[in-house]
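See below for the structure under consideration.
Each reported figure results from applying straightforward, stated rules to the coordinates on display, with no laboratory input. Predicted, not measured: the structure shown is a model, and the values here were computed from it. Cβ coordinates were reconstructed from backbone atoms using ideal geometry, including for glycine residues, and neighbour counts include every protein chain displayed.
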Amino acid sequence: MYTENKRFEWDDYKALVNAHKHGIGFEEAASVFNDADGLIQEDPAHSLTELRQRLIGASAWGRLIVVSFTIRERLAIRIISARPANRRERTVYEQRK
């Protein structure tokens, strides 16, 4: 997936909390959308009101992370959270390459 001509949005307070909790800023999370090997999965367990998805991919900082996001009406990608990939997610990502 590539970010050319894509818009990103997020809640600034949520971004600050996420950076403190997981050590990943949403600017880094947005860079994961440039990973051609990224894996997108639906994430229905975390919302009943909107389609949420997760992207497992490498950031421009060289870290493998998981980004939870949704697509808004204005075709903006709204980042909800980002965290380091766990062992299982790393394995799934590596097996796809």
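Given Cα pairs under 8 Å that are at least 6 residues apart, what percent is the relative contact order of the chain? Show your work: numbers first, answer last.
On the way: 180 pairs, mean separation 28.5, N = 97.
Across the chain, relative contact order equals 29 percent.
Using a simple charge model, +1 on the beta-carbon of Lys and Arg, -1 on the beta-carbon of Asp and Glu, nothing else, what dipole does the chain show about its Cα centre, in debye to the nearest 20? Walk me through the numbers before you get to the answer.
On the way: 16 positive and 14 negative charges, 54 e Å.
The calculated dipole for the chain is roughly 260 debye.
Full extension from residue 20 to residue 42: what is 0.36 nm times the residue separation minus their Cα-Cα distance, to one decimal in nm? Before the final figure, lay out each step's value.
On the way: separation 22, 0.36 × 22 = 7.92 nm, distance 2.57 nm.
Taking residue 20 through residue 42 to full extension adds about 5.3 nm, to one decimal.
Please state the equivalent ellipsoid semi-axes for the stretch 7-96: what are the square roots of 5 times the Cα gyration tensor eigenvalues, largest first, in whole Å? Mind showing how you got there, number by number?
Numbers: eigenvalues 72, 49, 32 Å².
After scaling each eigenvalue by five and taking roots: 19, 16, 13 Å.
Test of the criteria: in the stretch 5-97, which chymotrypsin sites (Phe, Trp or Tyr not before Pro) are in a DSSP loop and have at most 15 other Cβ atoms within 10 angstrom of their Cβ? Walk me through the numbers before you get to the answer.
Details: sites: 8, 10, 13, 26, 33, 61, 69, 93; in loops: 10, 61.
In loop regions of the stretch 5-97 (DSSP not H, G, I, E or B), the sparsely surrounded chymotrypsin sites (Phe, Trp or Tyr not before Pro) are 61.
Within the chain, what is the longest stretch that has no GluC sites (Glu not before Pro) placed in a DSSP loop and near at most 12 other beta-carbon atoms within 10 Å?
5-49
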